[in-house]
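Below: one structure, written as structure tokens.
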Amino acid sequence: MIIEGGIVYDPINGVLGEEMDLSIEDGRVVEKAGGSEVIDARGMLVMPGGVDAHAHIAGGKVNTGRIMRPEDGRRGTEPRTKLLRPSTGYTVPNCYAIGYRYARLGYTTAFEAATPILEARHTHEELEEIPIIDKGALTLFGNNWEVLECVRDGDLGKLAAFVAWGLLASRGYGVKVVNPGGGEAWGFGGNVKGIDDPVPSFDVTPREIIRYLMRANEALRLPHSVHLHTNNLGKPGNYETTLETLRAVEDIAASRNRQVLHVTHMQFSAYGGTGWRDFESKAPEIAGYFNRHDQFTMDMGQLIFGSATTMTADAPLEYGNARLLKAKWSNHDIELEESSGVVPIVYGRKNPINAIQWAIGLELALLTEDSWQMIMTTDHPNGGPFVNYPEVVALLMSRRKREEELATLHDLASKRTSLPSIEREMDWNEVAIVTRAGPARILGLPEKGHLGVGADGDVSIYEINPEKVDPSRDHEVVKAALARAKYTIKAGEVVVRDGEVVAVPQGSTYWVDASVPEADAARVRADLVEKFAKYYSIQMSNYMVQDAYVTRPRVVRAGVI
Amino acid sequence: MRNIVIRPRRHFRVPVEAERITPDLFAPLSIEEIRSLEVWEGNRRVALSELFDISGDEGPGRAEETQISLSGDFSRVKRVGEKMTCGRISVAGDVGMHAGNGMAAGEILVDGNAGDWLGREMRGGSIKVLGDAGDYVGAGYRGESCGMRGGEILIDGNAGDYLGEHLCGGAITVLGDVGDFPGIANRGGAIVIGGDAHLPGAEMASGTITVGGRARVLPSYQYVETVEIEGLRFKKFLGDLVEEGKGELYAASVEEGRG
Ligand SMILES: [Zn+2]
């Protein structure tokens, strides 16, 4: 396949809006392709396929959201066609809709952000049913008993061996840490209030859990860094906890050419105020810190007005949400590993808190000077569904659009944030970084997020001419073009044409196989035998994700030997 | 007023999804165009004329001045008048489930009985049923936090269970008896029941329910006082206390016993 004459943005290879041809053969970008298939992309924007590094798209809590929200299923129904299976849902779409909708946006890769090992089979069953895109899942470690015990005993070797085993058992890709210690405390109706608040029964602190998991992550040379959902997330004044957490790990070095820690959906962790009455943005403080510390990255967690479904392993947070909103609430205890919760929410423009939250996400993205430290996300479906990504990009590219939106919001969005004074407007190169090149680099996927020779043949082509359209003024044109890719090409196959899905191949699933010294692995196995005998509700043999659950694996090797 | 008459051509063994039978959709169309509108009969998509005889005044016309007269057994015809914003539908006979679903304005009159989910999530307008109605009158569909938000439903006969579930506004009046849990999880609106009711207002946050007959009242309701309304004496309760609710429940007669 040859893609002719497009205006290409490929930041990793330093291509900034050059008119050039691309060749794809056998699913990969090549110097020169044979064959006769030619895509005419003249006058169109061409970028690598989009990469979503943080979304909740598969597994137990996603499905709990679907079960709790039949009213959401009714929204966004699209009937079956000869090619496509039926779609349902807006905030919690069915598996098919997730694949189709990502493809229509020009996205070709998406990672599920939080899977307990115990429920990883469910996650993979759903990932297998998501068509078109490549996938992966991050595995939860921050409240696991084996982790807490290794941290208590100061046994880094055993911890690394357990992390490697957990990734294998869950066929997971990376280390996700959610409200470390808080999920365990929630088992007793409590929470941790800061990074030095001890976890009941284990005599360890969140600070120690985060540090040890990061050191284990780096000892294993995993492709992705630790992916952290901070303590006190969602609470007024939590920016101090966030900064304290980052300062606590400044001395840890990355083992690979990437960040040493990714702090996720930062919008929810950048709050000032002593309560909801004096709630305000501390995005400038957070972004300022990131501007001085290039070893850290974050994603936005941008809020979208309207319906959303919050779902997280941060169960005490969801309890608070349910009480505050008087909303439906699901609470889940995941045995020795985590807790979790699901609560629907509607974000309102005239709600002062929501309006400020909306502004904080944009402040973070625009005040962080180096786009490589930032990923555009909505923490789907916590801040809002991923189908709204074109709206977020339009906001990042147009100060005029931001002003238009601010005029419709509660006035505290202008008074308690710095957004009105921010002039920055992202250009197409920066958009390509925060939606593709950056997330691929941050996840550690060398074949994604760029169009150099050897890269996966994942390309998105949009019917918008970056040389003619002024995104600042014509933000509606930008949003409309990004919402319906002219072409999405996945591994060299056209999967979307004119905004419609035209082919439904099955993508692959990434997971990480990390090797560890046999002595450490043996000590972990001995612990696990005891834990399964004493505590787990199932046998270890029914626990591991087997190969049958991952039919198209893409295994990344890592480890200490 | 332009009158369009619809009669079933045969007995329906599976439900017909007839959300296209509304004044809004019919108004701009000729009779021939109405005949060719498609609806689902079970899993089959068919022309309206395959299922119904359609006659009446030739169009087009204004929706406000459109009356649709359904004549015959429509008890398996669902979603009649869905999302209508004006005009009138009259049914000489029974009508199926979800009649007046989400309607915003206009009028539906049913001579016979109505199925379940009558006027679910309706926003405005009026529905009058001379016979009985099924379960979930004026309710929200599965998972919704608001059922009916406005408008008026009047039922001369009896109604089934979960009348006005998640009611957020509007008024429902039933002259006869109702089943279990009328006004469950209500957040506004007014329900008047002429006959008896079982466990009204469970989880009610706000709104009023008046029971002219006997009511079995939940133990989570607090008795306040006896009041007189239009010459009749009612016991007034507040609840549902398990939801810290501020709903008002009036009952002419209270059934003794637990639960
Ligand atoms: Zn998340």
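The values are calculated or read from the model by the stated rules, or taken from the named source; none is laboratory data. What you are looking at is a predicted structure, and each value in this text was computed from that prediction instead of being measured. Please note: Cβ atoms are built from the backbone with ideal geometry, for glycine as well, and neighbour counts cover all protein chains shown. Ligands, DNA and RNA are excluded from the accessible area calculation, which covers all protein heavy atoms including side chains. Shrake-Rupley method; radii C 1.70, N 1.55, O 1.52, S 1.80 Å.
Can you return the lysines within cross-link range of A:Lys326? Criterion is Cα-Cα under 17 Å, with same-chain partners fewer than 8 residues away left out.
The qualifying lysines are B:Lys246.
So, for the protein assembly as shown, what is the accessible surface per residue at a probe of 1.4 Å, expressed in square angstrom?
On the way: 30360 Å² over 820 residues.
Per residue, the protein assembly as shown has 37 Å² of solvent-accessible surface.
Using a 1.4 Å probe over the heavy atoms of the protein chains, calculate the carbon and sulfur portion of the accessible area of the range A:47-501 as a whole percent. The partial results should precede the final answer.
On the way: 6750 of 13750 Å².
Its accessible area is 49 percent carbon and sulfur atoms.
Give the cysteines in chain B for which no other Cys Cβ lies under 4.7 Å away, or write none if there are none.
B:Cys86
Below 10 angstrom from the Cβ of A:Val204, what's the summed charge of the other residues (Lys, Arg +1; Asp, Glu -1)?
Working: positive: A:Arg152, A:Arg207; negative: A:Glu149, A:Asp153, A:Glu184, A:Asp203, A:Glu208.
Within the 10 Å Cβ shell, the charges total -3.
Sort A:His332, A:His262 from largest to smallest accessible area, using a 1.4 Å probe on the heavy atoms of the protein chains. Spell out each step's value before the answer.
On the way: A:His332 75, A:His262 0 Å².
Final ranking, largest accessible area leading: A:His332, A:His262.
How much length would be gained if the chain were fully extended between A:Ser421 and A:Asn257, taking 0.36 nm per residue of separation minus their Cα-Cα distance, in nm to one decimal?
On the way: separation 164, 0.36 × 164 = 59.04 nm, distance 3.46 nm.
Net length gain for the segment: 55.6 nm.
Classify the range A:47-501: rounded, prolate or oblate, from the alpha-carbon gyration tensor (a ≥ b ≥ c, eigenvalue square roots; a/c under 1.5 rounded; otherwise prolate if a/b is larger than b/c)?
Working: a/c = 1.38, a/b = 1.23, b/c = 1.12.
Because its axes are fairly even, with a/c under 1.5, the range A:47-501 counts as rounded.
Once amide H atoms are placed 1.01 Å from N in the peptide plane, what residues at a sequence separation of 5 or more from A:Glu25, or on another chain, have their amide H within under 5 Å of its amide H?
Under 5 Å from the amide H of A:Glu25 lie the amide H atoms of A:Val30, each far enough along the sequence or on another chain.
Provide the three semi-axes, in whole Å and in decreasing order, of the ellipsoid equivalent to the range A:77-153 as defined by the square roots of 5 times the Cα gyration tensor eigenvalues. Display every interim value, and only then the final one.
Values: eigenvalues 218, 28, 19 Å².
Working from the Cα gyration tensor, I get semi-axes of 33, 12, 10 Å.
Compute, for the range A:47-501, the length of the dipole vector about the Cα centre, with Cβ point charges of +1 (Lys, Arg) and -1 (Asp, Glu) only. Units Debye, rounded to 20. Mind dumping the intermediate values first?
Details: 50 positive and 60 negative charges, 209 e Å.
It works out to roughly 1000 debye.
Which one of B:Val95, B:Leu37, B:Tyr136 is farthest out on the positive end of the charge dipole of chain B, using unit charges on Cβ (Lys, Arg +1; Asp, Glu -1) and the Cα centre as origin?
B:Leu37
So what does the Cα-only Debye profile of the range A:338-443 read at q = 0.13, 0.16, 0.19, 0.24 Å⁻¹, as log10 I(q)/I(0), no solvent term?
Computed log10 I(q)/I(0) values: -0.50, -0.75, -1.01, -1.39.
Please name the residues of the range B:134-174 whose accessible area, counted over protein heavy atoms with a 1.4 angstrom probe, falls by no less than 30 Å² between the chain alone and the full protein assembly.
Listed in order, they are B:Arg142, B:Gly143, B:Glu144.
Rounded to whole Å and ordered largest first, report the semi-axes of the equivalent ellipsoid of the protein assembly as shown derived from its Cα gyration tensor (root of 5λ).
Values: eigenvalues 512, 244, 124 Å².
Gyration-tensor ellipsoid for the protein assembly as shown: 51, 35, 25 Å.
How charged is the neighbourhood of B:Asp73? Take every other residue with its Cβ under 15 Å from the Cβ of B:Asp73, and add Lys/Arg as +1 and Asp/Glu as -1. Write down the numbers at each step before the final one.
Details: positive: B:Arg7, B:Arg9, B:Arg10, B:Arg13, B:Arg76, B:Lys78; negative: B:Glu41, B:Asp53, B:Asp94, B:Asp111.
Taking every other residue near B:Asp73 into account, the sum is +2.
Label-point separation (nm) for B:Val14 and B:Ile229, each offset 7 Å from Cα along Cα-to-Cβ?
Between B:Val14 and B:Ile229, the simple spin-label model gives 4.6 nm.
Check each residue of the range A:53-81 and keep those whose accessible area, probe 1.4 Å, is at least 10 Å² smaller with all protein chains in place than in the chain alone; give them in order of residue number.
Output list: A:Pro70, A:Glu71, A:Arg74, A:Arg75.
Specify whether the C-alpha gyration tensor of chain B places it in the rounded, prolate or oblate class, a ≥ b ≥ c being the square roots of the eigenvalues: rounded for a/c under 1.5, otherwise prolate if a/b is larger than b/c and oblate if not. The partial results should precede the final answer.
Numbers: a/c = 2.50, a/b = 2.37, b/c = 1.05.
Cα axes put chain B in the prolate bin.
Please compute the net charge surrounding A:Glu78, taking Lys and Arg as +1 and Asp and Glu as -1 over other residues with Cβ under 10 Å from its Cβ. Don't jump to the answer; show the numbers that get you there.
On the way: positive: A:Arg80, A:Arg85, A:Arg101; negative: none.
Surrounding charge for A:Glu78 is +3.
For the range A:440-450, what does the Karplus curve 6.51 cos²θ - 1.76 cosθ + 1.60, with θ = phi - 60°, yield as ³J(HN,Hα) per residue in whole Hz, taken in order and with x for Gly and Pro?
Running phi through 6.51 cos²θ - 1.76 cosθ + 1.60 with θ = phi - 60° gives 5, 5, 5, 6, x, 10, x, 9, 10, x, 8 Hz.
List residues of the range A:137-169, by number, whose backbone nitrogen lies under 16 Å from a label position 7 Å along Cα→C-beta of A:Asp203.
A:148-155
According to the square roots a ≥ b ≥ c of the eigenvalues of the Cα gyration tensor, what is the shape class of the range A:381-456, taking rounded for a/c under 1.5, prolate for a/b larger than b/c otherwise, and oblate for the remainder?
In terms of gyration-tensor shape, prolate.
For B:Phe52, enumerate residues with amide H under 5 Å from its amide H, sequence gap 5+ or separate chain, H modeled in the peptide plane.
Those lying under 5 Å, H to H, from B:Phe52 are B:Arg9.
For B:Ser90, list long-range residues whose amide hydrogen, built 1.01 Å from N in the peptide plane, is under 5 Å from its own amide hydrogen.
When sequence neighbours closer than 5 places are left aside, the close amide H contacts are B:Ile68, B:Ser69, B:Leu70, B:Leu109.
Towards the positive end of the charge dipole of chain B, with charges on Cβ (+1 Lys, Arg; -1 Asp, Glu), say which of B:Ala114, B:Ala205, B:Cys168 has the farthest Cα.
Farthest towards the positive end: B:Ala114.
I'd like the accessible area for A:Glu530: 1.4 Å probe, protein heavy atoms, all chains in place, Å² to the nearest 10.
90 Å²
Pulled fully out, how much extra length does the chain show between A:Tyr543 and A:Asp411, if you take 0.36 nm times their separation in residues and subtract their Cα-Cα distance? Could you put the intermediate results ahead of the total?
Numbers: separation 132, 0.36 × 132 = 47.52 nm, distance 5.13 nm.
Length gained, A:Tyr543 through A:Asp411: 42.4 nm.
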